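For reference, the structure discussed in these notes is given below.
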Amino acid sequence: MDAALARAWVSAVAASVAAQTELLTQLDAAIGDSDHGVNLNRGFTAVLAVLDGPETPGEVFAVTGRTLVSKVGGASGPLYGSLFRALGKALGTASTVDAPEVAAGLRAGLDAVRKLGGAAPGDKTMVDAYEPAVVAFEKAAADGLAAAARAAADAAAAGMRATVDLRARKGRASYLGERSIGHQDPGATSTWLVFEALASVTA
Ligand code: ADP
Ligand code: MG
Ligand code: MG
């Protein structure tokens, strides 16, 4: 992965979030406060405006993370912001990174999200899509970026679907207790979009 591919990924995430704003908003209306689509669309629209400057993959993701933190309110801004900042930091200043290096960066992103939000797998959050995606990416990393990204996106989709039956223990949805059961988590859904975007630009 070089800086151009990193930019293509982040741009594809922005396009997907823009196209799926209504879906993310509706999911958040059921168990949150109806702003997840708007939050992420605002953030990634701002990211598109700063993508031209960075010259390495690490810098692309670091700038993405900083912009999300500064432009997005709510839980998802700091969480996605920390994820991309940690990914950027892990990749350092290399002009190209291979699939195992991206895997290590995605793992650093997971650690950052879990440290900031305190959510474990099973708590019905973005972690339920992101954690299995990272595990799948790591397992397939030896087969290259495209294979790893495809495996990660499929694992994220399965994790996202599994949030339907979970009871939320973190974030706004946790206020609903049992009533959060039966609804798909918005953040797990946007995390699936993030990995589908990676699979689409690496295929
Ligand atoms: P807010 O809940 O502040 O309105 P968003 O609607 O943008 O923020 O994002 C909600 C999503 O954030 C949830 O669906 C969930 O996936 C994720 N989330 C919330 N709290 C946490 C947490 N503590 N750890 C991980 N993810 C979380
Ligand atoms: Mg919300
Ligand atoms: Mg909110």
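Summary of values
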item: Criterion: of a type in the set (S, T, N, Q) and either farther than 19 Å from Leu193 by Cα or modelled with pLDDT under 95 (or both) - qualifying residue of Thr21, Thr96, Thr25; result: Thr96
item: Pair list, Cβ under 8 Å, 6 or more apart: the stretch 70-87 residue under 12 Å from Val113 (Cβ atoms) and assigned to a loop (DSSP other than H, G, I, E, B), other residue within 12 Å of ligand 3 (Cβ to nearest atom) and of a type outside the set (Phe, Trp, Tyr); result: Ala75/Gly171; Ala75/Arg172; Ala75/Gly187
item: Criterion: free of Cβ contacts under 8 Å to residues at least 24 places away in the same chain, assigned to a helix (DSSP H, G or I) and among the hydrophobic types (A, V, I, L, M, F, W, C) - qualifying residue of Ala162, Ala151; result: Ala151
item: Long-range neighbours under 7 Å by Cβ, at least six apart or interchain, first residue more than 12 Å from Ile31 (Cβ to Cβ) within the stretch 179-201, second assigned to a helix (DSSP H, G or I) and polar (S, T, N, Q); result: Leu193/Ser16; Glu196/Ser16; Ala197/Ser16
item: So Arg167, is it over 11 Å from the mean Cα position of the chain (by Cα), assigned to a loop (DSSP other than H, G, I, E, B) and charged (D, E, K, R); result: yes
item: In the stretch 180-203, the residues that are away from ligand 1 (no atom under 15 Å from the Cβ) and part of a helix (DSSP H, G or I); result: Glu196, Ala197, Leu198, Ala199, Ser200, Val201, Thr202
item: Qualifying residue in the stretch 57-72 (condition: within 16 Å of ligand 2 (Cβ to nearest atom) and of a type outside the set (Val, Ile, Thr)); result: yes
item: Residue under evaluation Ser34, criteria (1) on the phi > 0 side of the Ramachandran plot; (2) touching a His at 6+ places or on another chain (Cβ under 9 Å); (3) polar (S, T, N, Q), criterion not met; result: (2)
item: Residue match in the stretch 111-131 (condition: part of a helix (DSSP H, G or I), within 16 Å of ligand 1 (Cβ to nearest atom), acidic (Asp, Glu) and in contact (Cβ under 8 Å) with a residue 40 or more places away in the chain); result: yes
item: Residue match in the stretch 47-60 (condition: buried (at least 23 other Cβ atoms within 10 Å of the Cβ), of a type in the set (A, V, I, L, M) and away from ligand 1 (no atom under 16 Å from the Cβ)); result: yes
item: When residues of the stretch 1-35 are limited to those that are within 30 Å of Pro100 (Cα to Cα) and either within 13 Å of ligand 3 (Cβ to nearest atom) or hydroxyl-bearing (Ser, Thr, Tyr) (or both), the one surrounded by the fewest Cβ atoms within 10 Å (Cβ to Cβ); result: Ser11
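The values are calculated or read from the model by the stated rules, or taken from the named source; none is laboratory data. All figures in this text were calculated on a predicted structure; none of them were measured in a lab. Glycine gets a Cβ as well: all are built from the backbone with ideal geometry, and neighbour counts include every protein chain shown.
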